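As C-alpha cells, the structure follows; a few thoughts come after it.
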Amino acid sequence: MPRVPAARRIVKPKLGQHFLVDGAAALRIVESLGDISDGTVLEIGPGRGVLTEILAKRTRRLIAIELDRVLAAQLRMNFGLYPNVEIIEGDVLSIDLDTVFGPKPGSTRPGIVQTAEKARVIGNLPYFITSDILLRLFRYRRYFDEIVLLVQKEVADRLAAKPGKSDYGLLSATAQLYARVQKLFTLPPGAFSPPPKVYSTVVRLTIASRVEELVRDEPGFIAFLKLSFGQKRKTLWNNLKLGYEAELLRAALDEAGVKPNLRAEVLSLEKSAALFRALSDAKSAS
Ligand code: SAM
C-alpha cells in the first residue's frame, strides 16, 4: 500500500485518531477474527489502513466505514485495485446498516430460501464512542456474529466483569445480555501514534443474545437496567424507587427474592430479569 506523505498526516484528536503502528499487533488483531477467507468483514474506522491492508488480502468481502473525509478518500485510492474492498465515508453511529447488510430488493427468487450470511466486525475504536458503537452493533446483531475490538483497557475490564466484582456495571450487564465477552491481549500506548494516555485491550464479543430467553420486552429491560444502575453507590431500592411506586416495588422484590438493600452490581442477569418480569407483571395487574 502506498505510504501517506507526511505533510498530509494530520491527526484529528476529536475523532479519536490514535493510529496503530505495531504491525505484529495488527496481524494478531486480525487473526483474532478467526477464518475470514470466505466471509464478509465490517471494519469500523479504518484510519490509515493498517488493519484494512491485512484484511483486504484475506477476506472475501471487506466493508470499511471511515468518518474522516480525507482518510476515506486516501483509503479509496489505496484500495482501488481491490475489487473485494468497499470504503464508505460515513459515521458508523448513523449509517443505515440495513442498507449495507440487509437483503437487497430483487435478490431473492421465489422458491429460494435466503440464508443470511453474518459479517464479522473489527475495529480499533475511537474510545469516546465505544459504548455507543457497541449498543449499535447489538441493535443490529442479526447481521453479525464475531466482533473483535480494540478498546480502552478499563472498558474491556468492565465489559468482561462478572456480577459482584467492582468493575461490573451497566456496560457489563448490557454486553453480556447480547454477547459472550473475552479479553484477548493488551497493548501499551507506544503501539499507537500519537500514543493515547491509556492502555488498550483487544476484546472478542461473540453474539449470543439472551434477550429471548430472559424477557419479552427488550427496550423495557434495557430501561430497567439503566435505572437500577442509575447511581452506583445507591441500593436497588433507592435507584428503582425513582421509576416505580413503593408498594409495587416492594411486592416485586419479594416475588423475585431480591433484598432491597442490595446494589444492582451484585445481581446476575437472570436475577435482574426475574425482578424486571415481577415488576412488569405487578404493573399490568394493578
Ligand atoms: N483503524 C486505524 C488504526 O488501527 O490505526 C484507525 C484507528 S483510530 C483509533 C479510529 C478511527 O475511527 C479514525 O480513523 C477515525 O477517523 C475513525 N472514526 C472516528 N469516529 C468515527 C465514526 N463515528 N464512524 C466511523 N469512523 C470513525
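The values are calculated or read from the model by the stated rules, or taken from the named source; none is laboratory data. Just so we're clear, the structure is a prediction, and the values are computed from it rather than from any experiment. Every residue, glycine among them, receives a Cβ derived from its backbone with ideal geometry; neighbour counts consider all protein chains shown. Quick note on the areas: whole protein, heavy atoms, side chains included, nothing else; ligands and nucleic acids left out. Shrake-Rupley method; radii C 1.70, N 1.55, O 1.52, S 1.80 Å.
Here are a few things to note about the model shown:
- Of the residues L214, L171, L150, L159, the single one that is within 16 Å of the ligand (Cβ to nearest atom) and either open to solvent by 40 Å² or more (accessible area, probe 1.4 Å) or at pLDDT 95 or above (or both) is L150.
- Index of the failed condition, L75 passing every other in (1) more than 9 Å from the ligand (Cβ to nearest atom); (2) out of contact with any Gly (no Cβ under 8 Å at 6 or more places or on another chain); (3) open to solvent by less than 30 Å² (accessible area, probe 1.4 Å): (2)
- Total residues in region 221-240, condition among the small types (G, A, S) and surrounded by 15 or more Cβ atoms within 10 Å (Cβ to Cβ): 2
- Identity of the residue in region 182-195, in contact with a helix residue (DSSP H, G or I) (Cβ under 9 Å, 6 or more places away or on another chain) and buried (at least 19 other Cβ atoms within 10 Å of the Cβ), that ends up farthest from P46 (Cα to Cα): L187
- Residue satisfying all of: in region 85-107; in contact with a helix residue (DSSP H, G or I) (Cβ under 7 Å, 6 or more places away or on another chain) and in a loop (DSSP other than H, G, I, E, B); least open to solvent (accessible area, probe 1.4 Å) among these: V92
- Of all residues in region 99-132 being among the charged types (D, E, K, R) and more than 16 Å from the ligand (Cβ to nearest atom), the one that is modelled with the highest pLDDT: K118
- Annotation note: Cβ proximity below 7 Å between a residue of region 243-254 that is part of a helix (DSSP H, G or I) and a residue that is exposed (fewer than 14 other Cβ atoms within 10 Å of the Cβ) (sequence gap 6+ or interchain) occurs for L248/K283; L248/S286.
- Given (1) modelled with pLDDT of 95 or more; (2) surrounded by fewer than 14 Cβ atoms within 10 Å (Cβ to Cβ); (3) assigned by TED's automatic domain parsing to the domain that holds A119, number of the condition S166 does not satisfy: (1)
- Test: L33 is modelled with pLDDT of 95 or more, surrounded by 16 or more Cβ atoms within 10 Å (Cβ to Cβ) and within 10 Å of the ligand (Cβ to nearest atom): no
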